[in-house]
Amino acid sequence: MPLMETLAKAQAVAAGRAQPLATVRHRWLSDRPLVFVPLTTAGEVGAPLGALVGTERDAPHLLVVPQPRDRDLRSAFLAALADEMLPYLTSYEDRTVLEPGRETDPETGKKVSVERELCEDAPQLIVPNPAGVEYVRLLGRATRFRRTAEEDPADPYPAPSQVPLLGRWLTHYGERARTPGSALLLAMTELLSLHWATGQSGLEDQHLGALLAWLDPPQGVDGAQAALRAQVGRGADGLLCCPPAGPATDPVFDNTALAPAIDRYDAARSAGADTGPAEREIRALLTSQLRPTWDDVWRGIDLLRALPPGGHVEDRWKRDRWSYTGHRDRLRAGEPPQPRVDDAVTAAQKLSGRETAQARLDAQEALDDPLVMAGRRLAGEAFAGEVTAVEMAYSDGKVPRPRPLLTVATDDEPHLDEGGTVYRALPDGRTQEARFTGWTAPGVLRVQLLNGMGRGKVPDEGSVPEVGDRLCWTLFEHAPRGGPELPDADATPWTHGGPPSSAPGAATHDPVTSEDYL
Amino acid sequence: MSEASPASGAPDPAKAAAQATEAILRDTRDGAHRGVVVDSPPGAGKSTLVVRAARELAAAGEQLMIVAQTNAQVDDLVDRLATADPELPIGRLHGSDSPPDPALERHASVTRSTKVAELREHRVVIATAAKWGYVKGVEPWRHAIVDEAYQMRSDALLRVAGLFERALFVGDPGQLDPFSVVGAEQWAGLSYDPSASAVVTLLAHNPGLPQHRLPVSWRLPASAAPLISDAFYPYTPFRSGTGHGERALTFGVASDGSGPDRVLDEAAASGWGLLELPARHTPRTDPEAVAAVAQVVRRLLDRGGVTVSERSEQPVPLTADRVAVGTAHRDQAAAVRAALAGLGVTGVAVDTANRLQGREFDVTVVLHPLSGRPDATAFHLETGRLCVLASRHRHACVVVCRAGVADLLDEHPSMEPVRLGVTVKFPDGWEANHAVLARLSEHRVRWRP
């Protein structure tokens, strides 16, 4: 754990309240996110039990599977979920803007300017915790290969129409959530612990109720006490006052409340009686478990909305919009569902993209937020100091360029290597590089500016710091680039098994398997 | 570990090493397979093998490309190759913002360029894997040598493997594995997991490739090879090229009885020394442990150390450039550097395990990765980290550590999830740490600073 975070946690314990880890909000929050709180059935891996879903905080839609072992009812649940989610997920498809870009002309091989469609905004999914993100992935995996009656009239158990499409969207969202800094699919506990430190362990922070108890304890109650009550407090009926945020349910609830209600439902059904009363009872029970989490997620959204967005948040959201637009285009082009397993080239591409995204995210969070930058300074990855001398110097060569030498006094202890490059954000958003030339005394170092001073012999106005300026340099790049391109999948080399299409049994796309029936 | 000991009647180490090298070169030159894999324990002459293989292939009229992992490794290889064969035209391909070491300018046979087209006709072209990744649209090479292949990631090999028809992969399986700053669990168990080592992927797809190993460590002394071989290479043992008594470290100045002096005497006599500080949970840059490391180095230099080895007829004074300090974290290295500067010591290499990989010294002082920690994470337990730190020395290694690491290990058994299809790596870090600690405790000097 970074030292700053350890300190904040210690302070949180002392104060009995969560302490800020950030001064700005580092993730995009949509004006109209879709909140999804799922529950699963104990003992049946992945079997849905119910969910609250919707974009209106006061009017969530409740979906319930009254007998989770009945596959027809589960199938109906998925169809209902698709009806709730797809209109929202697709409603952003047609509002687009044109973005200038460059691409290679396939005929001439030259780079040409083009304009591409980019969705103006994108749908955002918020779930309570990382287990919820995993469940979104599981739903995607379980539904995207299913075939509908229109696609395969011979299928004895056709999927309700729209369900495979929902699976493809959920798969895309689940996969995008693995890209650092993306915001298409967010887990509320992770969002909150990114911005605040509590006095409890990381594991306990995954309990949304306990996390919020530290962030926003009731009047006069210590955060630790409130969190403890959220974790273990039970009412007279033996049920948790703060039910778990899912997808797993509280076993006591399962045994004492849910199982008898499901038995009554079964009894009514087998007797041919009206199942309505039993079903209403199950709905009420699930509401009692889901609604507190639903409200907690919105409370979290409120807390986060109170923070101003970081400077680069919109830039990262634009990449999410590209991701959304790209998936829309693949769907429109009639491409098959995402394969079960990535091929070698796709896996390497994803890993490389995510590593670049991680490096960019780390840099942007530090640049956007002095508190995050303080952590990087403490770790020796950046330093702030006062310019105490500026000495003009010029590069060798036919046309000498300005290469001023700056002396900087700093209290930080950066891990600088002689000749290493340091970076500074210029007021206009560009990055200026400088070379570290050595320590002249303890706490005094010299850097030589290398660029960002314009084209002339005289540096541009304001591009060279003046004596007395307080500035911050980083040892990490501000806009790291990705690595070299990967080969086409058809050119996968022998070391990696050759092209996937040459492998025996390579199908056009993955078939449905028994795993696909939730 | 009797089979690794020269006393057991095994053939002469030089002969065993020469036989292994011949077999490797034969497979590389004339073998029917597209790849040859060579496992090399620390200091077993890997670079010498690469230089030799490159020269033989070039002499046979072949053109070849060499892939190394860092610019320093590339520069070092170019230097060795050009020194060994001044007539051989070598192309050094480099990135525009990472110019090669100016020291290479003394070799007239070396041409440097950022464009592969300007170098394609040279007998040997050398670059980092990252730079090779940008090379497109050239005629593939018939031969390649991939150096430090176990430190290369599978996705890096994917980028460059289209550039050659067949290759010799050389590396040390015991060193630090490649890593990724983002999670790669979703591909765990796939044969081409992009975050795995290049050799793992290569062998998964080409299980029939010939695999060789170099059997003799020329760096590690007879006191160290059995421990390193047992702890880190249990199924591929190796031995030292020198016997007991062929190397010696002595001091001109007698011990003053302090902890650092006693541990230095122990290390000089036995090859290993453990300076144990009282048990305590500390921050990473434990001031007492850092000061103890600096003290040991200061005394090591002050006491007029002299080394005797097979390299020279005369005893050689131990100088600062032959001493290194190894740590797990960069901030620890920075703290040690500051402490050494405070004691007026200069010229000693102080770095993390990652950066000490591939380097060699006479004496090393190691701050134990688990010293003073309240927990043992996968990072600190990684087998390769300890292996690198404990296998850089030709004479002696002093480890500075807080007491209680054995208990810490027992409280933190390996908890990494087991994943289907992933080759389990033996030994695991937990076991290797215990093996090393057990051996070090025989050379323990307790000290309260």
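The values are calculated or read from the model by the stated rules, or taken from the named source; none is laboratory data. In this text, all values refer to a predicted model and were calculated from it rather than measured experimentally. Every residue, glycine among them, receives a Cβ derived from its backbone with ideal geometry; neighbour counts consider all protein chains shown.
Of everything in the stretch A:382-413 that is in contact with a strand residue (DSSP E or B) (Cβ under 7 Å, 6 or more places away or on another chain) and closer than 26 Å to residue B:350 by Cα, the residue that is surrounded by the most Cβ atoms within 10 Å (Cβ to Cβ) is A:408.
Any residue at all in the stretch A:499-518 that's at the interface with chain B (Cβ under 7 Å from one of its Cβ atoms) and modelled with pLDDT of 70 or more? No, the conditions are met nowhere in the stretch A:499-518.
Looking at B:16, B:10, B:59, can you tell me which residue is at pLDDT 90 or above and over 30 Å from residue A:498 (Cα atoms)?
Working: B:16 fails: at pLDDT 90 or above; B:10 fails: at pLDDT 90 or above.
B:59 is the lone residue from the list that is at pLDDT 90 or above and over 30 Å from residue A:498 (Cα atoms).
Residues considered: A:23, A:6. Of these, the only one that is within 14 Å of chain B (Cβ to nearest Cβ) and either modelled with pLDDT of 95 or more or not in a loop (DSSP other than H, G, I, E, B) (or both) is A:6. Taking the numbered list (1) at pLDDT below 95; (2) out of contact with any strand residue (DSSP E or B) (no Cβ under 8 Å at 6 or more places or on another chain); (3) within 14 Å of another protein chain (Cβ to nearest Cβ) in turn, residue A:416 passes all entries but (2). Scanning the stretch B:261-282 turns up one or more residues that are of a type in the set (S, T, N, Q), within 14 Å of another protein chain (Cβ to nearest Cβ) and under 18 Å from residue B:327 (Cβ atoms).
Can you name the residue in the stretch B:92-112 that is over 26 Å from the mean Cα position of the chain (by Cα) and closer than 22 Å to residue B:59 by Cβ and, of all such residues, is surrounded by the most Cβ atoms within 10 Å (Cβ to Cβ)? Working first, answer last.
Initially, the stretch B:92-112 is screened for residues over 26 Å from the mean Cα position of the chain (by Cα), giving B:96-97, B:105-112.
After this cut, where a residue has to be closer than 22 Å to residue B:59 by Cβ as well, the list is B:107-111.
Numbers: B:107: 17, B:108: 10, B:109: 17, B:110: 22, B:111: 16.
Top of the filtered list is B:110.
Counting only residues that are assigned to a helix (DSSP H, G or I) and either facing chain B (nearest Cβ under 7 Å) or under 22 Å from residue A:315 (Cα atoms) (or both), which one in the stretch A:475-494 is farthest from the chain's Cα centre (by Cα)? Selected residue: A:494. Across the stretch A:134-147, the number of residues qualifying as farther than 17 Å from residue A:513 by Cβ and surrounded by fewer than 22 Cβ atoms within 10 Å (Cβ to Cβ) comes to 1. Tell me, please, whether a residue that is within 14 Å of chain A (Cβ to nearest Cβ) and either modelled with pLDDT of 90 or more or surrounded by fewer than 19 Cβ atoms within 10 Å (Cβ to Cβ) (or both) can be found in the stretch B:321-329. The answer is yes, given that some residue of the stretch B:321-329 is within 14 Å of chain A (Cβ to nearest Cβ) and either modelled with pLDDT of 90 or more or surrounded by fewer than 19 Cβ atoms within 10 Å (Cβ to Cβ) (or both). Within the stretch B:363-391, the set of residues being farther than 16 Å from residue B:332 by Cβ, surrounded by 22 or more Cβ atoms within 10 Å (Cβ to Cβ) and in contact with a Gly (Cβ under 8 Å, 6 or more places away or on another chain) comprises B:363, B:381, B:383, B:384, B:387, B:391. Taking the conditions (1) at pLDDT 95 or above; (2) not in a loop (DSSP other than H, G, I, E, B) in turn, residue A:346 satisfies each one other than (1).
Are any residues in the stretch B:162-181 under 30 Å from residue B:230 (Cβ atoms) and not acidic (Asp, Glu), and if so, which ones?
Of the stretch B:162-181, the ones under 30 Å from residue B:230 (Cβ atoms) are B:168-179.
Of everything in the stretch B:162-181, those that are under 30 Å from residue B:230 (Cβ atoms) and not acidic (Asp, Glu) turn out to be B:168, B:169, B:170, B:171, B:173, B:174, B:175, B:176, B:178, B:179.
Go over the candidates B:130, B:117 one by one and state the one that is farther than 23 Å from residue B:56 by Cα and within 25 Å of the chain's Cα centre (by Cα). Result of the check over B:130, B:117: B:130.
If you scan the stretch A:341-374, which residues turn out to be away from chain B (no Cβ under 13 Å) and of a type outside the set (S, T, N, Q)?
A:365, A:366, A:367, A:368, A:369, A:370, A:371, A:372, A:373, A:374
Per the listing A:393, A:344, A:382, the residue uniquely of a type in the set (A, V, I, L, M, F, W, C) and either assigned by TED's automatic domain parsing to the domain that holds residue A:171 or under 30 Å from residue A:499 (Cβ atoms) (or both) is A:344. Within the stretch A:1-27, residues that are in the same structural domain as residue A:226 (by TED's automatic domain parsing) reach partners that are of a type in the set (Asp, Glu) with beta carbons closer than 6 Å, at six or more positions or on different chains, in the pairs A:16/A:222; A:22/A:369; A:23/A:369; A:24/A:368; A:24/A:369; A:26/A:365. Return a yes/no flag: does the stretch B:424-437 have any residue that is out of contact with any Pro (no Cβ under 8 Å at 6 or more places or on another chain), at pLDDT 90 or above, assigned to a helix (DSSP H, G or I) and surrounded by fewer than 18 Cβ atoms within 10 Å (Cβ to Cβ). Looking for residues that are out of contact with any Pro (no Cβ under 8 Å at 6 or more places or on another chain), at pLDDT 90 or above, assigned to a helix (DSSP H, G or I) and surrounded by fewer than 18 Cβ atoms within 10 Å (Cβ to Cβ), one finds at least one in the stretch B:424-437, hence yes. Would you check if residue A:229 is without any contact (Cβ under 8 Å) to a residue 24 or more places away in the chain, in contact with a helix residue (DSSP H, G or I) (Cβ under 8 Å, 6 or more places away or on another chain), part of a helix (DSSP H, G or I) and basic (Lys, Arg)? The answer is yes for residue A:229. For the stretch A:169-183, a residue qualifies if it is within 11 Å of another protein chain (Cβ to nearest Cβ) and over 16 Å from residue A:194 (Cα atoms), and the qualifying residues are A:174, A:175.
Being over 22 Å from residue B:448 (Cα atoms), away from every other protein chain (no Cβ under 14 Å), touching a residue at least 24 places away in the same chain (Cβ under 8 Å) and among the hydrophobic types (A, V, I, L, M, F, W, C) holds for only one residue in B:349, B:396, and it is B:396.
Scanning the stretch A:184-204 for residues that are within 14 Å of chain B (Cβ to nearest Cβ) and assigned to a helix (DSSP H, G or I) returns A:190, A:202, A:203.
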